[in-house]
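Trainee: Handing you this structure, nothing more for now.
Only the coordinates and a few stated rules stand behind these numbers; no lab work does. Note that the coordinates shown come from a computational prediction; the quantities given were computed from them, not determined experimentally. All Cβ positions, even for glycine, are placed from backbone atoms using ideal geometry, and neighbour counts span all protein chains on display.
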Amino acid sequence: MVPFIIAESHEIMNADQDQIISQVTQTEYKYGFVTDVESDALPKGLNEDIVRQISEIKGEPDWMLEFRLKAYRYWTTMKLPEWAHLKLPVIDYQDIIYYSAPRSRQPLGSLDEVDPELIETFNKLGIPLDEQKQLAGVAVDAVMDSISVKTTFRDALAGQGIIFCSFSEAVREHPDLVKKYMGSVVPYRDNFFASLNSAVFSDGSFVFIPKGVRCPMELSTYFRINAANTGQFERTLIIAEEGAYVSYLEGCTAPKRDKNQLHAAIVEIIAHTDAEVKYSTVQNWYPGDREGKGGIYNFVTKRGICMGDRSKISWTQVETGSAITWKYPSCILRGDHSVGEFYSVAVTNNHQQADTGTKMIHLGKNTRSIIVSKGISAGLSNNSYRGLVRVSKNADHARNFSQCDSLLLGDRCGAHTFPYIEVDNQSAVVEHEATTSKIGEDQIFYCNQRGIDTETAVGLIVNGYAREVLNKLPMEFAVEAQKLLQITLEGSVG
Amino acid sequence: MSAKSSIPQPMLEIRNLKASIDGKEILKGINLTVNAGEVHAIMGPNGSGKSTLAAVLAGREVFEVTGGEVTYCGQDLLSMAPEIRAREGIFLGFQYPVEIPGVSMVNFMRTAVNEKRKYLGQPEMGAADFLKLMRDRKALVDLDTSLANRSVNEGFSGGEKKRNEIFQMAMLEPKLAILDETDSGLDIDALKTVANGVNRLKNKENAVIVITHYQRLLDYIVPDFVHVLFDGRIVRSGDKRLAFELEEKGYDWIREAN
Ligand SMILES: Nc1ncnc2c1ncn2[C@@H]1O[C@H](COP(=O)(O)OP(=O)(O)O)[C@@H](O)[C@H]1O
Ligand SMILES: [Mg+2]
């Protein structure tokens with residue numbers, strides 16, 4: 001099956017379509033407001049003293065400070081990676097604030113103690129923190145800038161032994177778990193941004209599902225950058241014990257600002273024997289304006305390990321925001337018969353750049369992985385898929401299937417595919433398929449002729465193109481994601 | 001009847017319409033008048049401009065209109081965007097229906113129906129009513145139930161695509177349907193089904209232009225007028241007997257006469 005007309009065979013890109021595309025690229029970012037809330041921040045810049053101060057503000061134990069300092073010292077010896085297909089700006093790491101927290105009474109317990117401005121902010125973002133008003137079956141951890149504002153439904157979950165709290169709290173209340181697992185999947189030496197995060201990370205979510213428990217609700221973290229000149233460096237750690245199951249969602253937005261802001265997160269997932277973790281992201285950080293001014297630099301290290309036999313980790317991502325996205329959610333398939341999945345839709349418009357994909361590392365026998373990547377580029381943007389499939393010597397009968405499709409809206413954007421395949425075992429079966437296509441003038445006209453205007457038609461077609469991935473998202477998210485795709489590309493068609 | 005509508009107004013009036021693509025003139029001065037309640041057949045050899053005429057009426061922008069006027073229900077058709085023409089009741093049954101992978105027929109039709117309703121100031125159709133309408137209209141053209149859950153035209157056989165066009169027509173209830181070679185590639189049973197669907201939708205308020213290469217279809221959709229299009233012009237018009245004459249004498253007859 002070849003979706004859409006392959007680019008070469010369909011070169012009718014006339015003036016009308018250019019116009020269409022220029023319009024899709026002109027919609028305003030609707031989460032760009034700033035919350036007027038006082039914040040406590042450390043001064044700009046990064047040095048050992050800042051690292052110590054972050055640790056002190058958070059009241060961390062010594063072992064955590066030691067971890068941060070090791071990471072910091074290592075980071076100072078590192079260089080920015082340059083292999084990605086990105087025009088990387090020069091980032092002045094001394095011009096960034098590494099800790100900023102909306103000021104409020106601490107510690108936060110009930111909703112009454114949360115600053116009404118913050119509750120309002122999350123309401124505006126469609127994330128009510130009042131448990132009564134929430135979507136049934138979704139628990140939320142709301143993180144603004146460097147701290148977690150509120151985690152809902154935690155008591156209900158605790159009844160089943162499930163821990164869902166902010167990372168800072170986990171450090172205080174579950175130090176053994178944090179010590180055991182933190183850095184076990186993404187070591188602090190892993191890469192430039194992982195080291196930076198390990199030194200200065202502020203908050204994030206912690207999830208622990210005990211043996212045999214199926215988490216009864218979707219767990220979700222909503223990340224919001226509010227303060228100016230501030231970087232967000234969150235860390236998420238998800239542990240699913242034997243036979244446990246959890247579906248976790250992550251959403252993100254940020255105000256419109258002229259200056260770029262840095263976001264460098266780490267996510268680690270550990271799935272023990274027969275456990276399953278589904279991790280879904282709808283990333284909608286501020287992408288910058290039409291001229292490419294401002295926007296979030298999104299450098300994220302996400303990795304999961306299928307430790308036990310028959311364990312499974314699924315990454316699903318819808319990436320629509322950020323000026324730059326650098327992100328490769330990966331799976332280490334250690335247990336025999338373990339399964340890794342990666343489903344991705346990445347949309348770039350205007351001057352956005354994305355270099356995203358996955359790594360599937362097959363170590364165990366009969367391990368399986370599937371990669372479905374749908375890139376959509378418009379405007380002057382660049383969208384790359386970069387993926388590694390590695391089958392090691394002992395991974396008998398490993399299987400991988402990869403499908404990488406690119407859809408171009410207009411002829412001034414770029415789509416690139418960089419698949420890397422390393423196979424050290426003869427019994428492995430690795431398949432890779434790739435297509436590049438454009439929306440045909442005939443498809444648009446067919447929709448027009450049925451009374452559907454061009455903008456709506458592009459939305460329909462793009463959503464159709466991404467459907468395989470969108471179908472993997474939990475229901476509430478899928479609807480949001482569909483709207484988001486449409487909004488991101490609005491005006492790319494006249 | 002109100003005073004306003006007492007002077008009968010043609011549904012469609014095409015005057016000296018000229019159109020070209022890439023600087024090449026395809027339509028060289030078409031004149032045609034269609035009234036409500038009428039069925040017109042347009043016949044003619046391959047490449048004479050039949051599909052171009054249909055596409056220009058539907059507003060396909062790759063064709064440049066270089067002259068003439070078209071009035072539709074008293075409005076200047078050529079100044080309307082294609083989606084507005086559709087919402088105003090013009091339907092084109094495509095000679096080559098287009099595939100749209102991943103977009104389900106249900107979603108596609110629901111969008112189309114509701115866009116039209118919105119335009120006409122009507123409330124959106126609820127899910128239950130919509131699904132009932134779908135079922136109803138599918139039956140009209142014997143469209144297999146599962147088809148509607150599939151992507152638009154993707155993996156449809158030639159015959160299914162054509163039936164799908166008539167199904168969409170039934171959903172949208174156009175005032176003016178232009179059916180471009182809806183009969184080509186259909187076996188006799190499918191042809192009868194399609195023709196039957198069209199006839200059931202036909203009434204005094206609407207009109208149909210049937211574009212066909214063969215007289216065969218006109219046994220089932222009986223035209224009031226037959227026009228022969230040749231080299232971008234209508235060179236003969238008559239009643240249904242003209243279709244038989246064409247069938248008998250072949251298109252060479254037209255070629256030689258022009
Ligand atoms: N998209 C197009 N680009 C270039 N020429 C075209 C295009 N569409 C139609 N034509 C030309 O216009 C003429 C009329 O074609 P068409 O309207 O499809 O005829 P018919 O439907 O009567 O067979 C033909 O010579 C054809 O080659
Ligand atoms: Mg034709």
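Trainee: Per residue of B:54-61, count partner chain C-beta atoms within 10 Å of its C-beta, then hand back the mean as an integer.
Mentor: On the way: counts 0, 2, 0, 0, 3, 3, 6, 8.
If you average over the peptide's residues, the count of other-chain Cβ atoms is 3.
Trainee: Separate question: Take each uninterrupted DSSP H stretch in chain B, measure its Cα extent along the helix axis, and return the ones at 15 Å or beyond whose mean Kyte-Doolittle hydropathy is at least 0.0.
Mentor: Taking the DSSP H segments of chain B (at least 15 Å long, mean hydropathy at least 0.0), we get B:188-201.
Trainee: Continuing with the same structure: Once you sort the root eigenvalues of the Cα gyration tensor of region A:163-321 as a ≥ b ≥ c, which label holds: rounded (a/c under 1.5), prolate (a/b larger than b/c) or oblate (the other case)?
Mentor: Since a/c reaches 1.5 and a/b is larger than b/c, the shape of region A:163-321 is classed as prolate.
Trainee: Using +1 on the beta carbon of Lys and Arg, -1 on that of Asp and Glu, and nothing else charged, what's the dipole of region B:12-257 about the Cα centre, debye to 20?
Mentor: Using Cβ point charges on Lys, Arg, Asp and Glu, region B:12-257 gives about 440 debye.
Trainee: Could you state the number of Å between the C-alpha centres of region B:66-130 and region A:401-452?
Mentor: After rounding, the separation between the Cα centres reads 29 Å.
Trainee: Hey, rough spin-label estimate for B:Ser184 and A:Glu66, points 7 angstrom out along Cα→Cβ, what's it come to in nanometres?
Mentor: With each label point 7 Å from Cα toward Cβ, the separation is 8.0 nm.
Trainee: Here's something else I'd like to know. First measure r as the distance between the Cβ atoms of A:Ser184 and A:Lys293, then evaluate 1/(1 + (r/R0)^6) with R0 = 51 Å and state the FRET efficiency to the nearest 0.05.
Mentor: Details: r = 40 Å, r/R0 = 0.78.
For R0 = 51 Å, the calculated efficiency reads 0.80.
Trainee: At a Förster radius of 22 Å, what calculated FRET efficiency corresponds to the Cβ-Cβ distance of B:Ser157 and B:Ala128, to the nearest 0.05? Mind dumping the intermediate values first?
Mentor: Numbers: r = 30 Å, r/R0 = 1.39.
For R0 = 22 Å, the calculated efficiency reads 0.10.
Trainee: If you place +1 on the Cβ of every Lys and Arg and -1 on the Cβ of every Asp and Glu, how big does the dipole about the Cα centre of region B:5-54 come out, in debye to the nearest 20?
Mentor: Once rounded to the nearest 20, the dipole reads 140 debye.
Trainee: OK, next. For chain B, with a Gaussian network of springs between Cα atoms less than 10 Å apart, report the residue from B:Met109, B:Met169, B:Met125 with the top mean-square fluctuation.
Mentor: Maximum fluctuation in the GNM of chain B, among the listed residues, is at B:Met125.
Trainee: Continuing with the same structure: Give the shape of region B:1-143 as rounded, prolate or oblate, defined through the alpha-carbon gyration tensor: a ≥ b ≥ c are the square roots of its eigenvalues, a/c under 1.5 means rounded, and otherwise the shape is prolate if a/b is larger than b/c and oblate if not.
Mentor: Oblate shape, in that a/c is at least 1.5 and b/c is the bigger or equal ratio.
Trainee: Through the Karplus equation 6.51 cos²θ - 1.76 cosθ + 1.60, θ set to phi - 60°, convert the phi angles of region A:41-48 into ³J(HN,Hα) values in whole Hz; use x for Gly and Pro.
Mentor: 3J(HN,Hα) across region A:41-48, in whole Hz: 9, 7, x, 4, x, 9, 7, 4.
Trainee: B:Lys175 to A:Glu468: FRET efficiency via 1/(1 + (r/R0)^6), r the Cβ-Cβ distance, R0 30 Å, to the nearest 0.05?
Mentor: So, using R0 = 30 Å, E works out to roughly 0.20.
Trainee: Another one. How much of the DSSP bridge set in region B:12-257 is antiparallel, in percent, rounded to the nearest 5?
Mentor: 60 percent
Trainee: At 37 °C and 0.692 mPa s, what whole-number value in µm²/s does Stokes-Einstein give for the translational diffusion of region B:12-257, with Rh from the Kirkwood sum over Cα pairs?
Mentor: In µm²/s, the coefficient is 177.
Trainee: Here is a follow-up. Once amide H atoms are built 1.01 Å from N in the peptide plane, which residues 5 or more positions from A:Ser220, or in another chain, come under 5 Å H to H?
Mentor: Result for A:Ser220 returns A:Ala139, A:Val140, A:Asp141, A:Leu249.
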